[in-house]
Amino acid sequence: MSESTSAPEWWRTAVIYQVYPRSFADASGDGIGDLKGVTAHLDHLASLGVDAVWLSPFYRSPQNDAGYDVSDYCDVDPLFGTLADFDEMLTTAHGLGLRVIVDIVPNHSSSEHRWFQDALAAGPGSEERGHYIFREGRGVDGELPPNNWDSVFGGPAWTRVTEADGTLGQWYLHLFDTTQPDFDWTNPWVADRFDEVLRFWMDRGVDGFRIDVANGLAKEDGLPDLPAELVGKGGDVIADVHPYWSRDESHPIWRRWRKVTDEYDDRALVGEAWVQPLARMAHWVRPDELHQTFNFGYLLTPWTAHDQRAVIDESLAAFGGVGAPSTWVLSNHDTVRHTTRLALKEQIPHGTGVGPLSPDRPDEAFGLHRGRAATLLMLALPGSAYMYQGEELGLPEAIDIPDDTREDPTWFRTGPEVYGRDGCRVPLPWEASKPAYGFSPTGASWLPQPPTWALYAADAQAGVAGSTLEMYRDALRLRSEHELGAGRLEWELSPAESLQFVVGGIRVVTNLGDDPLPLPHGEVLISSAPVDGSLPKDTTAWLRAE
Ligand code: GLC
């Protein structure tokens, strides 16, 4: 472990890089990334200067939701390799000073999981059915779903089963795809199984978990109908009380998980919890609950000085109020890449995507310019930052993905109509002149890569002054040298539509307006675009504070 990652409570200031295994690097040549591919490229992450890696699911799975439909929580899917490959990856990462956190998916399993298959076979009223949420239907013959809840991916959140005797029977709940049945977290059996899963991976040496759909596990007793105004809103819900999002009954689950992780040294739990407002999210990271949650409020914030400053203040106050670090994130595998998203004329709901027929197609160069400014602003903020693979290359959202190659269940469950998340999941370009830009040795790639991506390839940017890759490297080095993650942010007066603050001896200025601004005095340490006495529009610079 390097000095920074061996520090106690490393997660408070860590920069954590999300690896989406199927799109990171493919060693086997089948067009789908794998664990050997991850291991082979860990030096890229070490030289980038991140502290930790978070891996999206690589567990056994029929891959109906790209691995978020798990059929065995304690084994690696052959698509990604073996447990031995995982161990090798973990040892290599640790040897390079990188921590590794893995995804855990406790809201639902795959319908192919043995536990769900046992529940189907055991029939209504059985102990096994009690592990999931089975109910009788409404209507004369139970032909209507038990309530009006809808799936985040579109369509109803209930599917009716055919019982062993061939008759139509009970319905089961799935907040996501039909193949992702929800567990019943009021059943202690479920909690016991997940304690075992946590221990399995911690015993293997992982440094923590990213908890999928952490805001969905607890459902309201009696499963009451959604009020009409909340139907069809997916996961983008801001409601104080909701029958299945962000319920207070979640807290005992996190206290239990915290006890389990506290049996080990220095492990961290980060929740994927779309809880709003941030003041409410802070309840999730109280000292005996999760260590962190993703700050999606920040991710969704429009690119204006007023909004950005407000969300930064609100985050520092809310998380700081319970002694937790704030986290920051601009991109992940569920949202339009920030180089494209921040350049859209209007905000779009997360998870909907941009595709060939979308009315708003931002200019790539403009998006990259603004995206880099947002990155340098984010990486200066105190707390812990999450990066998504490929953002260090400045990748844009892939928009022109042919319909017949799309894989996101959102696409299929909405018509097809809503593009979904494939555009941010396209395999990475490593080497400009190689087939599939070096993603796989055979040139295979599970989603097609845009023809312009040679320009973004890692080898085309390495060592090139001013490239996005070198900007990230420099920023991460400065962030670590100046201990910005542990710093204290002090705002300074600045012209309208700009932000200016000092942290860790660095003055950070961002111009979010339309006109260039005078640059404050001081040595420029790094900037997101060339600065020549003035700070151009959509640019961030870090200067030595005098
Ligand atoms: C989370 C994951 C997303 C997945 C969903 C269902 O939101 O980030 O990719 O589709 O959960 O597991």
(request) Could you tell me which of the residues Ala462, Ala458 is aliphatic (A, V, I, L, M), surrounded by 19 or more Cβ atoms within 10 Å (Cβ to Cβ) and under 27 Å from the mean Cα position of the chain (by Cα)? (result) Ala458
(request) Tell me which of these Gly235 doesn't satisfy, since it passes every other one: (1) away from the ligand (no atom under 16 Å from the Cβ); (2) modelled with pLDDT under 95; (3) within 21 Å of the chain's Cα centre (by Cα). (result) (1)
(request) Could you name every one of the helices (runs of 4 or more DSSP H) located completely within the stretch 271-369 that has at least 1 residues being under 26 Å from Ile399 (Cβ atoms), of a type in the set (Asp, Glu) and assigned by TED's automatic domain parsing to the domain that holds Gly420? (result) 305-320
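State all residues of the stretch 206-228 that are within 17 Å of Ile16 (Cβ to Cβ) and out of contact with any Asp or Glu (no Cβ under 8 Å at 6 or more places or on another chain); if no residue qualifies, say none.
First, the residues of the stretch 206-228 that are within 17 Å of Ile16 (Cβ to Cβ): 206-212, 214.
Selection gives Val206, Gly208.
Let's see how each residue does on (1) within 18 Å of Tyr132 (Cβ to Cβ); (2) away from the ligand (no atom under 16 Å from the Cβ):
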position	(1), (2)
Asp182	yes, no
Trp185	yes, no
Trp189	yes, yes
Glu220	yes, yes
Glu249	yes, yes
Val260	no, yes
(message) Looking at Asp69, Asp75 in this structure, which one is assigned by TED's automatic domain parsing to the domain that holds His41 and buried (at least 23 other Cβ atoms within 10 Å of the Cβ)?
(response) Asp69
(message) Please go through the stretch 390-446 and give me each residue that is assigned to a loop (DSSP other than H, G, I, E, B) and either aliphatic (A, V, I, L, M) or in contact with a strand residue (DSSP E or B) (Cβ under 9 Å, 6 or more places away or on another chain) (or both), ordered by number.
(response) Leu395, Ala398, Ile399, Ile401, Val418, Val426, Leu428, Ala432, Ala444
(request) Can you work out which of the residues in the stretch 83-100 that are assigned to a helix (DSSP H, G or I) and of a type in the set (D, E, K, R) is surrounded by the fewest Cβ atoms within 10 Å (Cβ to Cβ)? (result) Asp87
(message) For the stretch 135-177, which positions are over 20 Å from Gly123 (Cβ atoms) and polar (S, T, N, Q)?
(response) Asn147, Asn148, Ser151
(message) Looking only at the stretch 102-141, how many residues end up being outside any strand (DSSP E or B) and crowded, with 16+ Cβ neighbours inside 10 Å?
(response) 19
(request) Would you check if there is a residue in the stretch 151-173 being in the same structural domain as Pro8 (by TED's automatic domain parsing), assigned to a loop (DSSP other than H, G, I, E, B) and acidic (Asp, Glu)? (result) no
(request) Assess whether Asp203 counts as being in the same structural domain as His350 (by TED's automatic domain parsing), touching a residue at least 60 places away in the same chain (Cβ under 8 Å) and under 30 Å from Thr92 (Cβ atoms). (result) no
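Considering each of Trp158, Trp149 in turn, give the residue that is under 20 Å from Pro224 (Cβ atoms) and away from the ligand (no atom under 16 Å from the Cβ).
Trp158
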(message) Restricting to the stretch 399-429, and then to whatever is surrounded by 24 or more Cβ atoms within 10 Å (Cβ to Cβ) and of a type in the set (Ser, Thr, Tyr), can you tell me which residue is nearest to the ligand (Cβ to nearest atom)?
(response) Thr410
(message) For the list (1) charged (D, E, K, R); (2) outside the structural domain of Leu376 (by TED's automatic domain parsing); (3) assigned to a loop (DSSP other than H, G, I, E, B), I need the number of the one condition that Arg507 fails.
(response) (3)
(request) Scan (1) over 24 Å from the mean Cα position of the chain (by Cα); (2) without any contact (Cβ under 8 Å) to a residue 60 or more places away in the chain; (3) surrounded by fewer than 22 Cβ atoms within 10 Å (Cβ to Cβ) for the single condition Tyr437 breaks and write down its number. (result) (3)
(request) Can you confirm whether the stretch 477-485 contains a residue that is within 20 Å of Asp334 (Cβ to Cβ), among the charged types (D, E, K, R) and crowded, with 22+ Cβ neighbours inside 10 Å? (result) no
(request) Could you tell me whether the stretch 512-525 includes any residue that is surrounded by 17 or more Cβ atoms within 10 Å (Cβ to Cβ), in contact (Cβ under 8 Å) with a residue 40 or more places away in the chain and not assigned by TED's automatic domain parsing to the domain that holds Glu364? (result) yes
(message) Here's a check for you: in the stretch 198-212, which residue that is within 15 Å of the ligand (Cβ to nearest atom) and either basic (Lys, Arg) or not in a strand (DSSP E or B) (or both) is surrounded by the most Cβ atoms within 10 Å (Cβ to Cβ)?
(response) Arg210
(request) Report the residue count in the stretch 68-89 for those that are in contact with a helix residue (DSSP H, G or I) (Cβ under 7 Å, 6 or more places away or on another chain) and closer than 21 Å to Gln117 by Cα. (result) 4
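Go through the stretch 52-99 and report how many residues are among the hydroxyl-bearing types (Ser, Thr, Tyr) and within 16 Å of the ligand (Cβ to nearest atom). Give the steps one after another, and end with the answer.
Step one: of the stretch 52-99, the residues among the hydroxyl-bearing types (Ser, Thr, Tyr) are 56, 59, 61, 68, 71, 73, 82, 91-92.
Still in the list and also within 16 Å of the ligand (Cβ to nearest atom): 56, 59, 61, 68, 71, 73.
So the count comes out to 6.
The values are calculated or read from the model by the stated rules, or taken from the named source; none is laboratory data. This structure is a prediction, so every number in the text was calculated from the model and none was measured. All Cβ positions, glycine included, derive from the backbone under ideal geometry; neighbour counts span all protein chains shown.
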